[in-house]
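Undergrad: One structure, as structure tokens, below. Some questions next.
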Amino acid sequence: MENTFHKLAKKILRGSATDAERHFMDTYYDAFDNIEGREEVLTSEEQTTLRNRIDKGIQIHIQRKNTIRFRKWLPYAAAAIILAVVGTWAFFLDNREKLPTDPILAAEEILPGGHRATLSLADGRVIDLSETQTGIVIAEDNITYNSGDTLLLKPSETLMLTTPKGGIYQITLSDGTNVWLNAASTLTYPSRFDDAERVVRVSGEAYFAVVKDKSRPFKVNSSGQTVEVLGTEFNISAYPAENETKTTLVEGKVKISNLESQISNLLKPGEQAVISGSTMNIAQVDVVPYTAWKDGFFYFDNVPPRVAIEQVARWYDLEVSYEGNMPATFVFGMVDRAKPLSAVLNSFAKSGLNFEIRQNGSKKQLLVSENK
């Protein structure tokens, strides 16, 4: 299974990459010309071809209030591995008038999320999973970490894996299916699937790599829909606070059923189904922006500020408050999720938004207002 980096490299070699994707690769290679193990990602010939295609410099399209402008991407350092987003939205930490009783936080104090999750058992017990592990493996007689260390013997019949804000975890189900759970998400599943079908439920966002089993369809229940597959890879975004459920197919074929309208459709690779109430819309999309989180990146591809801000807030465990109307601007770019919040903030140039971070009791609050 190719990761996001490899997919972007192949798109550049085929000539189908966007300017933003090409510049991200340019920045990556400038920063890591001597990186060890790079040959495992691309062959020497591919690396040479890739460099020849991206060494002329790139400009990006910036859309703001129906005006088209162009600026140069800024070359960010190796440690950030960040594709700069210019002319979209900015973070300002110098507004001292709001909430005077709440201290202002420096962005570098806020670290990114990590491998954090809890495992809930049918008997009511809740186990905090190790942050030094990346995932768990479900077997018939025990549950282990990916490292092989035993976590639990004789697991309960119904289990629930939950990630908090700022958490991500991976799980291998009893049939060998792999699931990556994004921040603020829950996966409910049995310790062992029955002989007729394999059924799980997800709230939030998850990426599935389903093991093929023609005799036992795999079903994922989420907000307003059921996804049925035999063996494939797809991403589901079904956060309770959002009014849409998005299913993006990477490989194989899936059947999407709208539970309210009872309408079903088949998805092909590269298609996305968006369900809202009784409606279902299917469109051809670039799957990378919807799956890059699994490989450690935010990918903003012409999305409204609120969408991008909510993604950042979930990963850095921030509460968001909006004041006034959001400017008619769109967010572009790719950001490394492994860096402190300051690295994300520093990668954005000034735009029509002010951002301020405050400590509000035990919560960290991101205040978003229009820059007047």
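Bear in mind these aren't lab numbers, they're just calculated from the coordinates by the rules spelled out. These figures come from a predicted structure and were not determined experimentally. A quick note on method: Cβ atoms are made from the backbone with ideal geometry, for glycine too, and the neighbour counts reach across all protein chains shown.
Undergrad: One quarter of the convex hull surface, Cα atoms only: what value does that give for the stretch 262-340 in nm²? Don't skip to the answer; put the middle values down first.
TA: On the way: hull surface 29.1 nm².
With every direction weighted equally, the projected area is 7.3 nm².
Undergrad: Additional query: Take the Cα coordinates of the stretch 191-238, assign each an equal point scatterer, and use the Debye formula without solvent to give log10 I(q)/I(0) at q = 0.13, 0.15, 0.19, 0.23 Å⁻¹.
TA: -0.27, -0.36, -0.58, -0.83
Undergrad: Additional query: Full-extension gain between Thr150 and Lys214, please, as 0.36 nm times their residue separation minus the C-alpha to C-alpha distance. Don't skip to the end; give the middle numbers.
TA: Numbers: separation 64, 0.36 × 64 = 23.04 nm, distance 3.10 nm.
Answer, rounded to one decimal: 19.9 nm.
Undergrad: At 0.36 nm per residue, and after removing the present C-alpha to C-alpha distance, how many nm does the segment from Glu310 to Leu259 gain when stretched out fully? Walk me through the intermediate numbers first.
TA: Working: separation 51, 0.36 × 51 = 18.36 nm, distance 2.66 nm.
Once the chain is fully extended between Glu310 and Leu259, it gains 15.7 nm.
Undergrad: Ranking request for peptides 317-326, 265-274: highest mean number of other beta-carbon atoms within 10 Å first, then the rest in descending order. The partial results should precede the final answer.
TA: Details: 317-326: 14.9, 265-274: 17.1.
In decreasing order of mean packing, 317-326, 265-274 become 265-274, 317-326.
Undergrad: Want the number for Asp175 to Glu323: 0.36 nm per residue separation, take away the alpha-carbon distance, what's left? Write down the numbers at each step before the final one.
TA: Details: separation 148, 0.36 × 148 = 53.28 nm, distance 4.78 nm.
This chain segment gains 48.5 nm when fully extended.
Undergrad: Given +1 on the Cβ of Lys and Arg, -1 on the Cβ of Asp and Glu, and no further charges, what dipole in debye does the stretch 113-192 carry about its Cα centre, rounded to the nearest 20? Write out the running numbers ahead of the final one.
TA: Numbers: 5 positive and 8 negative charges, 48 e Å.
The calculated dipole for the stretch 113-192 is roughly 220 debye.
Undergrad: Something else now. Take the cross-link list Lys165/Lys212; Lys246/Lys294; Lys11/Lys253; Lys214/Lys255; Lys212/Lys255; Lys219/Lys255 and give me the ones stretching past 20 Å between alpha-carbons.
TA: Correct reply: Lys165/Lys212; Lys11/Lys253.
Undergrad: In whole Å, what three semi-axes, largest first, describe the equivalent ellipsoid of the stretch 113-192 built from its Cα gyration tensor (square root of 5 times each eigenvalue)? Could you put the intermediate results ahead of the total?
TA: Details: eigenvalues 63, 35, 28 Å².
Its equivalent ellipsoid spans semi-axes of 18, 13, 12 Å.
Undergrad: OK, next. Starting from the eigenvalues of the Cα gyration tensor, five times each then square-rooted, give me the equivalent ellipsoid semi-axes of the stretch 212-251, largest first, whole Å. Mind showing how you got there, number by number?
TA: On the way: eigenvalues 96, 25, 6 Å².
The three semi-axes for the stretch 212-251 are 22, 11, 5 Å.
Undergrad: While we're looking at this one, here's another question. With a 10 Å radius around each residue's Cβ, average the other Cβ atoms per peptide and rank 146-153, 206-213, 362-369, highest first. Could the numbers behind the result be given before it?
TA: Numbers: 146-153: 11.8, 206-213: 20.4, 362-369: 16.8.
In descending order of packing, they fall as 206-213, 362-369, 146-153.
Undergrad: Still on this model: Using only the alpha-carbon atoms of the stretch 206-281 as identical scatterers, what base-10 log of I(q)/I(0) does the Debye formula give at q = 0.25 Å⁻¹?
TA: Computed log10 I(q)/I(0) values: -1.18.
Undergrad: Would you kindly calculate the translational diffusion coefficient of the stretch 138-277, applying Stokes-Einstein with the Kirkwood radius from alpha carbon pairs, for 37 °C and a viscosity of 0.692 mPa s, and quote it in µm² s⁻¹ without decimals? List each step's numbers first, then the result.
TA: Working: Rh = 15.4 Å.
The diffusion coefficient I find is 214 µm²/s.
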